[in-house]
Structures are given as structure tokens and as C-alpha cells.
1. Using the structure shown, select from Lys28/Lys128; Lys28/Lys50; Lys50/Lys116; Lys116/Lys171; Lys28/Lys53; Lys116/Lys160 the pairs with a Cα to Cα distance greater than 20 angstrom.
2. Calculated FRET efficiency, Lys171 and Glu42, Cβ-Cβ r, R0 30 Å, to nearest 0.05?
3. Quick check: residue separation of His9 and Lys134 times 0.36 nm, minus the Cα distance between them. What number comes out in nm?
4. If you look at just the Cα atoms of segment 2-80, how large are its Rg and its Dmax in Å?
5. For Ile86, which sequence-distant residues (separation of 5 or more, or a different chain) have an amide H within less than 5 Å of its own amide H, given hydrogens modelled in the peptide plane?
6. Please give the residues of segment 44-62, grouped as numeric ranges, whose backbone N is less than 18 Å from a label point set 7 Å along the Cα-to-Cβ vector of Ala16.
7. When the solvent-accessible surface of protein heavy atoms is calculated with a 1.4 angstrom probe, in what order do Arg12, Arg85 fall, highest first?
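The values are calculated or read from the model by the stated rules, or taken from the named source; none is laboratory data. Worth saying up front: this structure is predicted, and the values here are computed from it rather than measured. All Cβ positions, even for glycine, are placed from backbone atoms using ideal geometry, and neighbour counts span all protein chains on display. Accessible surface areas use protein heavy atoms only, side chains included; no ligands, DNA or RNA. Shrake-Rupley method; radii C 1.70, N 1.55, O 1.52, S 1.80 Å.
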Amino acid sequence: MSVFISYRHTDRNTAAQIAREFDANNIKYYFDVTDDESRSTEDITEVITKNIKKSTHLLAIVSPSTTGSWWVPFEIGQATISNRRICSYAVKNSSLNLSGMSFSFLKGFLPEYLQKWPILVSRIDLHKFIEQYKLDTITVSTESARGGIFESQNEKVLTKAGASNFHQSLKREL
């Protein structure tokens, strides 16, 4: 199991901080700046799609600058098609402090389609994601042992029900 970190390059520092949190919690992840193939390929779409399919979760880092990105929505779409567990991490910045904001405020900031999945707004929320991820590791392993999840050509095949359960459980914790 691993987490695909999706972000706009203007939010790379936040992505790197999250990667460090994942390292500290022994969570595998895909972060393009640490991947030689993503830096040297002529077909970045293929590399992204392949690594989303290898991952079980996608964490999309979103900020006001994400609205100018073509890649973050593409990656979320790929993760949706593949029944990945999807979450957004709303970036705090000097002009917009999301910590402690109500969900109704976030609804005005984030596109409607992202509201389907859990929205993280703080480091505390990120740690709740990490805890839920660890619990989900057990669930995915159990499903895999029962034949509900299998790997084919480096692709993890996950169920929509499993993703929905993860999303609902994390939303309850947030």
C-alpha cells in the first residue's frame, strides 16, 4: 500500500512536509520529485497513471493556486476511476487560514467534486488520515487474502465499497 501525493508545484513545500510525515510513520508514498522516471520521461501521463495504479490512496494538496493546475484534477480523476482512497489537504497560506474554518466555508473554497471525500485542514487531520491509513492497511490485506483485491501488472485492483468505507470512517474522525 502507498499514497500518491498529488500537488501543484507551487505547493511543493507542503508536499515535502507531508512526505516527511509519511516517512516518520513508515508510510510508503509516491512523490514525483523523488522519482527519477518522472523527471526523465517524455510520457509523464503514463508515469503518473502507472503510479496511481500502484498506490492505494491519493492525497491531493489543494490551495488557491491549484485552480490553475491541469494535473491535480487529472490525478484525482485517475484515482477515482481506480477506486483509490482519496483525500484533500487544504493548504494554509498567508491570505487564507483554513484551520478551524467551518465546512460551509470550505465548500466555498474547494470545488464541489472534492467535497465528496475527506478534507484535511491541519496537521492533526493529517495524523487522523495516517491512523485511518494504518487501519485500512489491515482491511486491504484482509480483502486481498480473500481475493477481493489483487495485483495485476503492478496494479492494485480495489473495490469501490472499500474506498467508500475508508472515506466514511475518516470523515467521522475529522
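1. Exceeds cut-off: Lys50/Lys116.
2. Numbers: r = 40 Å, r/R0 = 1.32.
Result of the calculation: an efficiency of 0.15.
3. Result for the pair: 42.2 nm of gain on full extension.
4. Cα radius of gyration and Dmax of segment 2-80 are 11.8, 33 Å respectively.
5. So Ile86 has HN proximity to Leu58.
6. Of the residues in segment 44-62, 61-62 have backbone N under 18 Å from the label point off Ala16.
7. Arg12, Arg85
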